[in-house]
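The values are calculated or read from the model by the stated rules, or taken from the named source; none is laboratory data. Everything numeric here is computed off the predicted structure, so don't read it as measured data. Glycine gets a Cβ as well: all are built from the backbone with ideal geometry, and neighbour counts include every protein chain shown.
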Amino acid sequence: MILTDKRILEEMDKGTIKIEPYNRADLGSNSYDVHLGKTLALYVDEVLDAKKHNKIEY
């Protein structure tokens, strides 16, 4: 699903979408640009289960 910038802002106001930290400059006409941080997490298990929280290590 592609959301417009207006729809992204509406959903953020409703609490459906949460973006932290939010930077208005990263909001495009139909996207939000995300960036990698200084820390990268890796899953511990080789097989992931979408029904549970999968362990990660930093």
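For region 1-24, a residue qualifies if it is touching a residue at least 12 places away in the same chain (Cβ under 8 Å), among the aliphatic types (A, V, I, L, M) and more than 21 Å from Leu36 (Cα to Cα), and the qualifying residues are Ile2, Leu3, Leu9. Restricting region 6-58 to residues that are under 16 Å from the mean Cα position of the chain (by Cα) and of a type in the set (S, T, N, Q) leaves a set whose member that is surrounded by the fewest Cβ atoms within 10 Å (Cβ to Cβ) is Thr39.
Scoring Leu3 on the criteria (1) surrounded by 12 or more Cβ atoms within 10 Å (Cβ to Cβ); (2) touching a strand residue (DSSP E or B) at 6+ places or on another chain (Cβ under 6 Å) leaves a single failure, condition (2). All of Lys14, Lys38 fail the test of being modelled with pLDDT of 95 or more and basic (Lys, Arg), apart from Lys14. Picking from residues in region 7-46 that are of a type in the set (Lys, Arg) and assigned to a loop (DSSP other than H, G, I, E, B), the one that is farthest from Glu57 (Cα to Cα) is Lys18.
Annotation note: Cβ proximity below 7 Å between a residue of region 30-58 that is small (Gly, Ala, Ser) and a residue that is assigned to a loop (DSSP other than H, G, I, E, B) (sequence gap 6+ or interchain) occurs for Ala41/Tyr58.
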